[in-house]
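The values are calculated or read from the model by the stated rules, or taken from the named source; none is laboratory data. Fair warning: this is a prediction, and the values are worked out from it, not measured in the lab. Here the Cβ is made from the backbone with ideal geometry for all residues, glycine too, and neighbour counts use every protein chain on show. The accessibility values were calculated without ligands, DNA or RNA, using every heavy atom of the protein model including side chains. Shrake-Rupley method; radii C 1.70, N 1.55, O 1.52, S 1.80 Å.
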Amino acid sequence: MYRNLRSVKLFFSLSALILLAGSCKNAKGPDLTASTDPKISHLRLPAGFHADHLYSPGVNDQGSWVAMTFDNKGRMIACDQYGNLYRLTIPAIGSDTTQTKIKVDSLVLQIPGDTSRFARRIGYAHGLLYAFNSLYVMVNDEGEDSTRTRHSGLYRLQDTDGDDQYDKITLIKRLEGDGEHGPHSIVLAPDGNSLYIIAGNFTRIPKMDNYTAPPVWQIDNLLPLIRDPNGHDNTVNTHGGWIARIDSTGGNFDLISAGFRNPFDLTFNDAGEMFTFDSDMEWDFGLPWYRPIRICHVPSGGEFGWRPGTDKWSPIYPDNLPPLLNIGQGSPTSVFSGWNARFPEKYRRSLYAFDWSFGIIYAFQPKPEGATYSATAEEFISGSPLPLTDGMIGPDGALYFLTGGRRLESDLYRVYFGDNTENTEKLVPTELTDLQKLRRKLETYHEAPKSDALDFAWPYLKHEDRFIRYAARIAVEHQPVSQWQGRVLTEKDPVTLTQAAIALARQGSADQKDKLLTALAGINYTQLSESQQIDLLRAFELVLARMGLPSAAVRAQIIDDLDPQYPAKTNNLNRSLSKVLVYLEDPKAVEKTMALLATAKDDTAYQKQVTQSSDLILRNLQYGMDIAGMLADVPPAQQTYYANVLSEAKTGWTPELRETYFRWFYKAFGYKGGHSFVGFIDLARKNALKNVPKDKYAYFNTISGDSIVGRSAMGLAGTVQQPKGPGKDWQVDTALALVKDGLSGRDFDRGKAMFTASLCSTCHTMRGEGGTVGPDLTQLGSRFSYKDMLESIIEPSKTISDQFAATVFYLHDGGSVMGRVMNQDADNYYVSQNPFAPQTLRTVSKKDVVRTRLSETSIMLPGLINRLNGEELKDLLAYLKAGGNKQDTIFAKKP
């Protein structure tokens, strides 16, 4: 992922930082008492806390657990990601867990007269909740064969005869979506009267009974849309992940919030305010639309701006809400409150967020600020590997958490403070601020129209607090447009007009376009603050994106008003101005944007955001070196943004400007970004080439880097060292025996060579080099054990992530097509069938398809390591475990 970058100096600097950070933390008193259980000894706990390793499902052939709840008898119910439900009776704290056997039963529904396969196999859950004397199960799976005996959705299990066995199953709500971005968790509402469910961005929003979040989502971005070039997020929806409320029987289904990527869970603080932990798109790293994993405060009607590909919204846009905290990089899973824990008060008032990738449990403490919150976060528990899946505070006040997912080794842990008898006093809930109370009052108008709504909400459209303005606008949008459209067009206050125009752009009809744009053009731009200017430009953008180009006269008026303001003093303003002016074909826009492309520097705020990610993962040398290397060569995000804006500019070009523009792409291919960076750059380049004269196409195609596109997918340059052998038909058990005592003193160069010779680099990236068909392996070693690695290599079809699975298309003519879906539209699927040429796509017409299913056969070939002898295999495993880091201690030579 990075170039040489003064690696020796960086190595020792990072080593010193890590040792210093570790020694400083230790000085503050974490409990470092040695444990004889290796599952415990690798955990890092705060001072005074203790951990028990309670159970390992995989040892008992019970899969990899990803969800848990406690029933009304204090028993835990857990679920295998790809299998059954289990009920556990857990020994009390203080018991000898090595001697006291945990009772584990497989939950099999016993429904009189029902012999269906589904009834016997309920499970496959990403979320579990015991409430209303029922077990709610969020099934995340669409069945395993053509009979489709199982469907994703929310199910209710009940025991109707009191024999402690579930004998009734009810489908509460069918949900369309499955896999790692499908439907996830279920959470009891603070008042105990309803449920909240949360789903990822591959889950379509079903028909609702009510829409607290108005169902008017669109792309809403003038930046040219380029979907992920590696096929991610190809489900053809614009609303992103979402949260809804539903009653215990499935009624009153209400959409609360949308616009997330893939939040797995949600929770409430002591004041009943909702929070979630949303994921990043790590393949976008280094691109201007990259958003880190983030904690979000989720009020009524909240929109958070996730959109496909390039068109994610900036968090500064007024029609979405900003994050509470940007965490960095990772894979969010569980979120829950510590309110009922027997912990010190600080941790009882904390909310907890799990990161699967880096094995960190964060504790964050929201503090009321205005109508929302501010927050600080800290690492509460960590380990490596520690693939965290779900957690909660148990009935005994201890924290219970699971590790596993994707069929990884799975474990159940318990964490408690002291002897778990202290900190039982009742805490006083945090009082809402006056502005939070005002926001909640405005949120009472986020329902059916009310006669006094406009008079109450309208004055707050210009409130200084962003969350108040947002709540007021959503309240206005819930009223009939005919009642307030005229009020928008005659509004004189510039801030009120801007917010009201955003509402009308979202809810109104296109026949008001010229009137609305004329009203916005009448605002004195220079008298606004920067944030107000951003809001005004966003209002222009929304009207143009939703309603189209205005009349020539109105277009000229907008250009006359905005062109003198461009370029502005800040990158954020220039992003908005460039989009709007290029779209309107301002004659000067191309020349001005090209000048910015040549000189633009990224904001220090952007760099600090990434540095924060580095600080958060600076816990071992592998991650420190990896992230530090990327930071040392982060692509120029602001320049990349301008290049994308200009890719659809059709007028304003001179030969010199075009020459400079296309040569920029050649340079850009040399930067190191995320998994999709090169693909995005190339697709923007191809979009721009559509606008050049036909007789110049070949020339601009050449100077913009056509000949170098894809080099990174061709593996390492030069002659590759081949295995000496003799090879062997490696099986997991025989290969695992090679590493039973660990690895040390291995040969880095040979491990790297075996990575290429075994064709790993053809499909996988390691430190920025290699192919993009499969997942990036740079962080493999901190998430996977040697057993996990060997199973993935030797038995690649055993576990296939739906992010990389092939799809089988069954056709009307009796034939079939198999490949990875890279994109789709209303008429066609676009399928990649050759892992060595993933950008070569086959078009499959949807009208020709009878049905589809995910292939059970991996596109990764088995037997790729069978040319290696034992020593060569050890070096390959060491290379994988170290994440391609030559300075890892696994390569240190023995004295």
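For the reader, a short list of remarks on this structure follows.
- Condition met for Ala244 (of a type in the set (A, V, I, L, M, F, W, C), farther than 30 Å from Leu504 by Cβ, open to solvent by less than 20 Å² (accessible area, probe 1.4 Å) and modelled with pLDDT of 95 or more): no
- Qualifying strands (runs of 3 or more DSSP E) (wholly inside the range 776-895; at least 1 residues being charged (D, E, K, R) and modelled with pLDDT of 75 or more): 816-824, 841-845, 849-854
- Enumeration of residues in the range 490-510 that are more than 23 Å from Asn221 (Cβ to Cβ), part of a helix (DSSP H, G or I) and open to solvent by 50 Å² or more (accessible area, probe 1.4 Å): Thr490
- Extreme residue, most open to solvent (accessible area, probe 1.4 Å), among residues of the range 41-87 that are more than 30 Å from Ser152 (Cβ to Cβ) and without any contact (Cβ under 8 Å) to a residue 40 or more places away in the chain: Ser41
- Unmet requirement for Gly370, which otherwise passes all of (1) over 19 Å from the mean Cα position of the chain (by Cα); (2) small (Gly, Ala, Ser); (3) open to solvent by less than 10 Å² (accessible area, probe 1.4 Å): (3)
- Leading residue by the ranking (surrounded by the most Cβ atoms within 10 Å (Cβ to Cβ)) among those in the range 543-577 that are touching a residue at least 40 places away in the same chain (Cβ under 8 Å) and of a type in the set (Gly, Ala, Ser): Ser576
- Qualifying residue in the range 308-330 (condition: over 27 Å from Ser531 (Cβ atoms) and of a type in the set (Ser, Thr, Tyr)): no
- Ser707 vs. criteria surrounded by fewer than 23 Cβ atoms within 10 Å (Cβ to Cβ), in a loop (DSSP other than H, G, I, E, B) and modelled with pLDDT under 85: yes
- Members of the range 452-489 that are open to solvent by 30 Å² or more (accessible area, probe 1.4 Å), part of a loop (DSSP other than H, G, I, E, B) and over 22 Å from Asp254 (Cα atoms): Asp452, His463, Glu464
- Among the numbered conditions (1) open to solvent by 30 Å² or more (accessible area, probe 1.4 Å); (2) at positive phi, the only one that Thr421 does not meet is (2).
- Taking the listed residues Tyr470, Tyr460, the one that is under 31 Å from the mean Cα position of the chain (by Cα), aromatic (Phe, Trp, Tyr) and within 29 Å of Lys579 (Cβ to Cβ) is Tyr470, with no other qualifying.
- Residue satisfying all of: in the range 294-320; modelled with pLDDT of 95 or more and on the phi > 0 side of the Ramachandran plot; surrounded by the fewest Cβ atoms within 10 Å (Cβ to Cβ) among these: Gly305
- Scanning the range 670-691 for residues that are modelled with pLDDT of 80 or more and crowded, with 19+ Cβ neighbours inside 10 Å turns up Ser676, Phe677, Val678, Gly679, Phe680, Ile681, Asp682, Leu683, Ala684, Arg685, Ala688.
- The lone criterion from (1) modelled with pLDDT of 95 or more; (2) within 23 Å of Asp788 (Cα to Cα); (3) over 21 Å from the mean Cα position of the chain (by Cα) left unmet by Gly394 is number (2).
- Looking across the range 373-400, the residues that are under 15 Å from Asn423 (Cβ atoms) and surrounded by 18 or more Cβ atoms within 10 Å (Cβ to Cβ) come down to Ile393, Gly394, Gly397, Ala398, Leu399.
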